[in-house]
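Here the structure is laid out as structure tokens; the discussion comes afterwards.
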Amino acid sequence: MKKESGTKGFTIAAVIVVIGVIGFYITMSNRMSGRQAVKNTPEIEKLLNYDFQDNYPKTVRETVKLHCRYMKLAYNNEFSKDELIDANKKIRELFDDELLSYNTEETQLKSLEEDIQYYKDNKQKFVSYTLPEASQIKYNKEDDVDYAKIRVGIIIRVDNATMKGSQEYLLRKDSMGRWKILGWKADTKAADEETE
């Protein structure tokens, strides 16, 4: 009888250990999937799966807003390395052929990675952007080609300070009637700095 109770005790102890190991594995798996769920926010998913063929932005404002959405996530280092490569390809869908010809995919990705590192090194965070009303967009026509300029307000946080500035975008309408980004530059005249 003593041998049997010893075997039962060993079996019960082994079952408890196995249950503990399985429980630990399930807990760790849930934690890992929870981290991935936090990382892949709805905004990241939307932008990585954006369908430019059927849903290209209809206006100058929508085109620039979509670009800002990508850049905000990129500069705040919210894309994984693979996601950044995919996002870079998506961003290029917004660019005019002329801009694409000056900027290979590899060059653009490298530049984007350098900008992201600059933000990280300087503890900067892209807080928000503000688009003007449609009536504030400047349009003109040259040689039967439509152009537009739009100024976007940008807020960046550096430690406790909030820096305000703006970017001026130049867009051109392509042969399919889509507004494409020709370029953009910081508008230093509009930039000012305040502390909170």
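Each reported figure results from applying straightforward, stated rules to the coordinates on display, with no laboratory input. Remember, it's a predicted structure, so these values are computed and weren't measured experimentally. Counting neighbours? That spans all protein chains shown, and the Cβs are built from the backbone with ideal geometry, glycine included.
Restricting to Cα atoms and excluding each atom paired with itself, what does the Kirkwood estimate give for the range 44-126 in Å? Walk me through the numbers on the way to the answer.
On the way: mean 1/r = 0.0751 Å⁻¹.
Over the range 44-126, the inverse of the mean reciprocal pair distance is 13.3 Å.
In order along the range 100-108, phi translates into HN-Hα couplings of 4, 5, 8, 9, 5, 4, 5, 5, 5 Hz, rounded to whole numbers, per the Karplus curve 6.51 cos²θ - 1.76 cosθ + 1.60 with θ = phi - 60° and x for Gly and Pro. A Förster radius of 22 Å, combined with the Cβ-Cβ distance separating D86 from Q117, puts the computed FRET efficiency at roughly 0.70.
Report the extension gain between N49 and D143 in nm, rounded to one decimal, defined as 0.36 nm multiplied by the number of residues separating them, less their alpha carbon distance. Write out the running numbers ahead of the final one.
Working: separation 94, 0.36 × 94 = 33.84 nm, distance 3.59 nm.
Residue separation times 0.36 nm, minus the Cα-Cα distance, leaves 30.3 nm.
Taking a ≥ b ≥ c as the square roots of the eigenvalues of the Cα gyration tensor of the range 93-151, is the shape rounded (a/c under 1.5), prolate (a/b larger than b/c) or oblate? Numbers along the way, then the final one.
Details: a/c = 4.27, a/b = 1.39, b/c = 3.07.
Since a/c reaches 1.5 but b/c is at least a/b, the shape of the range 93-151 is classed as oblate.
Cβ-Cβ distance of A134 and L170, R₀ of 22 Å, FRET efficiency by 1/(1 + (r/R0)^6): the value works out to about 0.85. Shape analysis of the range 64-196 based on the Cα gyration tensor places the equivalent ellipsoid semi-axes at 26, 21, 11 Å, largest first. My understanding is that a pair violates if its Cα-Cα distance is over 22 Å; which of K81/K173; K72/K141; K138/K185; K125/K173; K90/K123 do that in this structure? Violating the 22 Å Cα-Cα cut-off are K81/K173; K72/K141; K125/K173; K90/K123. Label zone (V127, point 7 Å along Cα-to-C-beta; backbone nitrogen cut-off 18 Å) within the range 150-176: 152-167. The listed peptides 86-94, 124-132, ordered by packing as a protection proxy, come out as 86-94, 124-132 (highest mean of other Cβ atoms within 10 Å first).
From the alpha carbon centroid of the range 169-185 to that of the range 39-77 is 16 Å.
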